[in-house]
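Okay, so here's the structure we're looking at.
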Amino acid sequence: MTIILLMQSLVLAQGQGITIDEQAILPYWKNYTQTHASPARLEEKRDILMNCLGDHLMIKRAQELGIENTKEFQAEWREAEEEAKARCERESINSNRCQGMIESIRKILLTRYVMEKEVVPKIKVKEEEVDQLVYSHRGKKRGKSLDREKAKLFLVEKNKGEALTSYVRELMERYHVSIDNHALMKLNLSP
């Protein structure tokens, strides 16, 4: 019985084809602690978990969409993989670390493709927002004038975070992912 409780406490989130445990969240935890203090509050730990979940869910969605099999992805992936291998050789990076880097690059490309395909198209920018931004930059000495297209791109970028958060929540529902707040609160990966 104790072993079952211990195993459950290690699973922070799970759903259809997704399990986030201490090993899965560790790189995100380390990244967070490099720029912040060690997370103590549930909200901080939840933010780290949501970043981890977002990446895992987007990779799962990319696989579902067959992104890796597209010619566009394959071409970009081959080029990125060759560059990574050349860098590993130039810098004498050991093969395990190099494979880890290459896998990280693959995941980044996949998530970017999902962002471009499913998140960015959902970002709606109102013409009034564009007008307001363009108007607010008139007459200011910023070196360049802000045209409508640049203003719209700026507003899309500005709204990406909110759209991504919403998209990850949609994926959590789609894949029936639930978070174990009790296990998350207990989580402490600090040395």
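List of remarks:
- Within region 143-185, tally of residues that are within 25 Å of Lys117 (Cα to Cα) and in contact with a Ser or Thr (Cβ under 9 Å, 6 or more places away or on another chain): 1
- Ile25 fulfils the conditions (1) at pLDDT below 95; (2) surrounded by 14 or more Cβ atoms within 10 Å (Cβ to Cβ); (3) touching an Asp or Glu at 6+ places or on another chain (Cβ under 9 Å) except for a single criterion, (3).
The values are calculated or read from the model by the stated rules, or taken from the named source; none is laboratory data. Because the structure is a prediction, the values reported are computed rather than measured. No Cβ is skipped: glycine too gets one built from the backbone with ideal geometry, and neighbour counts run over all protein chains shown.
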